[in-house]
Amino acid sequence: MASLSGNSNRKAVAIMRRPVLLVVDDEKNIRDMLELILAEHYDVLFAENGTEALKAVKTKPVDMVLMDVNLPGRDGLPGMDGLRTLELVKEFDPETEVVMLSGENSAQQAVSALKKGAYDYITKPFDSEDLLLTLKRLSERLKLKNEVGYLKEELRGHTGQGEIISRSPRMRTVFELINAVSQTSSSVLITGESGTGKELVARAIQSKGPRKDKPFVAVNCGAVPSELMESELFGHEKGSFTGAHARKTGKFEYADGGTLFLDEVSTLPMHLQVKLLRVLQEKSFERVGSNIPIKVDIRVIAATNLDLEKEVRKGNFREDLYYRLKVVPIELPPLRERREDIPLLIHHFLKKHAQTFNKPVPKVSAEAINALRNFSWPGNIRELENLIERLVVLSKAGREITYDDLPVGMFTTDVENHPKGPARDFREAVESFERHYIIGVLNKTNWNKLEAARRMKVHRNTLLLKMKALKIKKPRDINK
């Protein structure tokens, strides 16, 4: 997540890319041979001696090292053999795994290497398949360790981004923007569908910057009646209008020194758009019923689920205000475009709501997680959290949440796979039923067509023909 740094950054990146393998051997023919064997599976770096190896480990994202025991001492470092280099590598980064190579079949040397932290010890000449198998096991172990450690840090909030849970490459761009803009007072415009976490992003910007100990005031512009919005934002003087029985402090005053978050900013009436623009430019305003300017030092973050450029063209939103708000734009992707985050979010919300209701954290079957991952989530993260809260409330101690516990009909209304509106005739009704049934079984089998056909008791080719006729396609990004 957000501006991941140190080990957290490394773990997050290690989950996403191919492992980086450093080969350390002073013989060029050995290095060339290993490159032919390994380049297809790893990003391979090379070093001829211990000094070069240490430099590479300290300056590059090395995950694994394949190193000869008998390295020559160079650069004024006599005795810098493979075992000494192993010690220094593990001293610099204990998480870097090292496999030692040796032309000697020495039990004493092997024991010494393992005691110093080597993952394995392989003697030359070696079988290329055995070497690949060893490295594959090691890379799988590293990936699992990195992923578990990374997820723990995410769920514990160690990244400083509150409840923003993600390992998506698209969200990494968002986190970089959060870090960059948090150190400034520039206006930010956050866009994205409803339920994507726009307020969480706004709060993350506040929490990471110099205003973190100042007020964060959120206003849902769409929830306040238009005739009351001016008073809500700017406050009013006693007697300024019917019902104004006392002076009222507005949100701008409350947010002085901190951040004002304007959600659904597109719903602001045109006359308030003019006043907001003035505040942004002059850093001052007047309460309703007063001519006395009030100076404020605030950072404005606005959010909308509409395309404000289109609203500008329609005449519904001021162009000058649009550009004044959009100094730094941040676009949040919908949940269906970051499906790799769904299991993360499921476990996060399970833990959160189990704690809220003082219940043990329930387990969820792989079948149910696959189905939830395949769903298109039109309500995004908010919809997912609401569902998980419901499942936690209804869960029974010691019983796993399964596919059958998910809401009836949940997947038959998936907007990515089904037409809108009721069927017009019998044929369309039959097709709709078949489509819903097939997608439901495919969801339960994680889109394994052979297994789905077995459960339906039809031949696989029959299923494929039906899927083609009904235009059923695997959801986007399902394997990411």
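The values are calculated or read from the model by the stated rules, or taken from the named source; none is laboratory data. Nothing here was measured: the structure is a model prediction, and the numbers come from that model. So basically every Cβ, Gly included, is an ideal-geometry build from the backbone, and we count neighbours across all protein chains shown.
Give segment 372-412 a look and list any residue that's outside any loop (DSSP other than H, G, I, E, B), out of contact with any Pro (no Cβ under 6 Å at 6 or more places or on another chain) and farther than 22 Å from R338 by Cα, or say none. Quick ask: steps written out before the conclusion?
Initially, segment 372-412 is screened for residues outside any loop (DSSP other than H, G, I, E, B), giving 372-374, 380-394, 401, 403-405, 411-412.
Next, from what is left, pick out any that are out of contact with any Pro (no Cβ under 6 Å at 6 or more places or on another chain): 372-373, 381-394, 403-405, 411-412.
Answer for segment 372-412, where residues must be outside any loop (DSSP other than H, G, I, E, B), out of contact with any Pro (no Cβ under 6 Å at 6 or more places or on another chain) and farther than 22 Å from R338 by Cα: R390, L391, V392, V393, L394, D404, D405.
Select from segment 320-330 the residues that are farther than 16 Å from T259 by Cβ and touching a strand residue (DSSP E or B) at 6+ places or on another chain (Cβ under 7 Å) and write down the one among them that is surrounded by the most Cβ atoms within 10 Å (Cβ to Cβ).
The extreme case among them is K326.
Going by the conditions given, is G289 assigned by TED's automatic domain parsing to the domain that holds T173, modelled with pLDDT under 95, touching a strand residue (DSSP E or B) at 6+ places or on another chain (Cβ under 8 Å) and more than 13 Å from F234 (Cα to Cα)? Steps first, please.
Values: assigned by TED's automatic domain parsing to the domain that holds T173: yes; modelled with pLDDT under 95: yes; touching a strand residue (DSSP E or B) at 6+ places or on another chain (Cβ under 8 Å): yes; more than 13 Å from F234 (Cα to Cα): no.
Judged against the criteria, G289 is not a match.
Within segment 221-231, does at least one residue satisfy the condition of being closer than 26 Å to L332 by Cβ and touching a Lys or Arg at 6+ places or on another chain (Cβ under 7 Å)?
To start, the set of residues in segment 221-231 that are closer than 26 Å to L332 by Cβ comprises 221-224, 229.
Checking which are touching a Lys or Arg at 6+ places or on another chain (Cβ under 7 Å) leaves us with none.
For segment 221-231, residues closer than 26 Å to L332 by Cβ and touching a Lys or Arg at 6+ places or on another chain (Cβ under 7 Å): absent.
Does segment 258-289 hold any residues that are touching a residue at least 60 places away in the same chain (Cβ under 8 Å) and either of a type in the set (G, A, S) or in contact with a helix residue (DSSP H, G or I) (Cβ under 6 Å, 6 or more places away or on another chain) (or both), and which are they? Outline the logic, then answer.
Quick first cut of segment 258-289, residues touching a residue at least 60 places away in the same chain (Cβ under 8 Å) only: 261, 263, 265, 280.
Passing the criteria: F261, V265, L280.
Check off (1) closer than 26 Å to I164 by Cβ; (2) not in a strand (DSSP E or B) for P329 and give me the number that stays unchecked.
(2)
When segment 308-319 is examined, which residues are found to be without any contact (Cβ under 8 Å) to a residue 24 or more places away in the chain and surrounded by 15 or more Cβ atoms within 10 Å (Cβ to Cβ)? Give the derivation first.
First pass over segment 308-319, keeping only residues without any contact (Cβ under 8 Å) to a residue 24 or more places away in the chain: 309-310, 312-315, 319.
Listed by number, the list holds a single entry, V312.
Condition first: within 14 Å of R299 (Cα to Cα), assigned to a loop (DSSP other than H, G, I, E, B) and either out of contact with any strand residue (DSSP E or B) (no Cβ under 9 Å at 6 or more places or on another chain) or not hydroxyl-bearing (S, T, Y) (or both). Now tell me which residues in segment 159-203 satisfy that.
The answer is Q183, and nothing else.
Quick grid of which residues meet (1) more than 24 Å from R278 (Cα to Cα); (2) under 23 Å from the mean Cα position of the chain (by Cα); (3) in contact (Cβ under 8 Å) with a residue 24 or more places away in the chain:
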position	(1), (2), (3)
L306	no, yes, yes
L321	no, no, yes
K326	no, no, yes
P329	no, yes, yes
P333	yes, yes, yes
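Scan (1) touching a Gly at 6+ places or on another chain (Cβ under 9 Å); (2) touching a residue at least 12 places away in the same chain (Cβ under 8 Å) for the single condition P125 breaks and write down its number.
(2)
Collect the residues in segment 351-371 that are without any contact (Cβ under 8 Å) to a residue 60 or more places away in the chain, touching a helix residue (DSSP H, G or I) at 6+ places or on another chain (Cβ under 6 Å) and assigned to a helix (DSSP H, G or I), keeping them in residue-number order.
Matches in segment 351-371: H353, A354, A368, I369.
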